[in-house]
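See structure below.
The values are calculated or read from the model by the stated rules, or taken from the named source; none is laboratory data. Given the structure is predicted, the values throughout are model-derived calculations rather than measurements. Please note: Cβ atoms are built from the backbone with ideal geometry, for glycine as well, and neighbour counts cover all protein chains shown. Calculation scope for accessible area: heavy atoms of the full protein, side chains included, ligands and nucleic acids excluded. Shrake-Rupley method; radii C 1.70, N 1.55, O 1.52, S 1.80 Å.
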Amino acid sequence: MARYELLNNVSHKDLRVATGFGPEFGDDVGMVPAFPSEFAELQREYPIFLRKDPGTGEWQSVALLGFEQRENLFLQDGRWNAAYLPGAAAKGPFLIGFQEQRVNGELRQEPVMHVDLDHPRVNFTTGEPVFLPQGGNTPYLEHVAAVLRGIRDGSEFGTGMFSALDAMGLIQPVNLDVQLDDRHRVGVNGLHGIDRERLTALDGNALVELNRAGYLEGAYLILASLHNMRRLMAEKQRRLRAQDAATSRGGS
């Protein structure tokens, strides 16, 4: 259960955040939320798909990390083997909340940073410090703040983008059922992607509308990201071979 508190340099002056990777930190997940603000970086290394939130029914974009619920094929020996870390992973135990503040005499909901004190990365002994000895923000916290701003902006942008793509019939189910070798088959349910044929068949007005809103680039970045499925499949096959070899040695 998360225990969020409004982050401040008095109560949390000695707070530290472990920045390694592994199941102990909750990194063993098959997918993480993705945001249009990071699609350009994500599409170089991760397949990007869409799925419907089971609670709200709204579209969300996700970066696929593995073929099982608790499988992250980018994790290995305490490292995350990619040049870009998705924002959902990079933000660690922090999130943006809102607090009512008076700005220029007017009450507004202003974004403020919260920290989950029950998050497995949070401690007071090892890891990256959050605040400087004098109370200022450390470079690590400034980086997290930038990540959170990207997530907030990308989330708001994505709501409009996915709604527009859906209205044009461009979001279609993806049958992700992969035969890795003679004995191993994997599949992931509930994923959707962009229908390339329908996208290229749109008339000029529809394309202009998507382009002006900034949505067209995002659609093509999702399509471009799918070449990363080959990398994900190759890593899965490598691990299966290693697993089979270890089993053979153990039985001999």
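Taking the stated definitions as given, is R149 open to solvent by 70 Å² or more (accessible area, probe 1.4 Å), modelled with pLDDT under 95 and in a helix (DSSP H, G or I)?
Criteria met by R149.
Name the residues in segment 155-171 that are without any contact (Cβ under 8 Å) to a residue 12 or more places away in the chain and either among the small types (G, A, S) or touching a strand residue (DSSP E or B) at 6+ places or on another chain (Cβ under 6 Å) (or both), would you?
Answer for segment 155-171, where residues must be without any contact (Cβ under 8 Å) to a residue 12 or more places away in the chain and either among the small types (G, A, S) or touching a strand residue (DSSP E or B) at 6+ places or on another chain (Cβ under 6 Å) (or both): just A167.
When segment 201-248 is examined, which residues are found to be within 19 Å of L75 (Cα to Cα) and in contact (Cβ under 8 Å) with a residue 60 or more places away in the chain?
Within segment 201-248, N228, M229, R231, L232, E235, K236, R239, L240 qualify.
Have a look at V29, V17, V10, V112 and point out the one that is modelled with pLDDT under 95, within 27 Å of G158 (Cβ to Cβ) and of a type outside the set (D, E, K, R).
When all the criteria are applied, what remains is V112.
Counting only residues that are open to solvent by 40 Å² or more (accessible area, probe 1.4 Å) and within 20 Å of L64 (Cβ to Cβ), how many does segment 210-223 have?
Number satisfying all stated conditions: 1.
Yes/no matrix, rows are residues, columns are (1) on the phi > 0 side of the Ramachandran plot; (2) out of contact with any Cys (no Cβ under 7 Å at 6 or more places or on another chain); (3) crowded, with 18+ Cβ neighbours inside 10 Å; (4) modelled with pLDDT of 95 or more:
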| residue | (1), (2), (3), (4) |
| --- | --- |
| S61 | no, yes, yes, yes |
| L64 | no, yes, yes, yes |
| Q69 | no, yes, no, no |
| L75 | no, yes, yes, yes |
| T125 | no, yes, no, no |
| H143 | no, yes, no, yes |
| F157 | no, yes, no, yes |
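Got a number for residues in segment 172-196 being open to solvent by 100 Å² or more (accessible area, probe 1.4 Å) and either touching a residue at least 40 places away in the same chain (Cβ under 8 Å) or under 27 Å from the mean Cα position of the chain (by Cα) (or both)?
Result for segment 172-196: 4.
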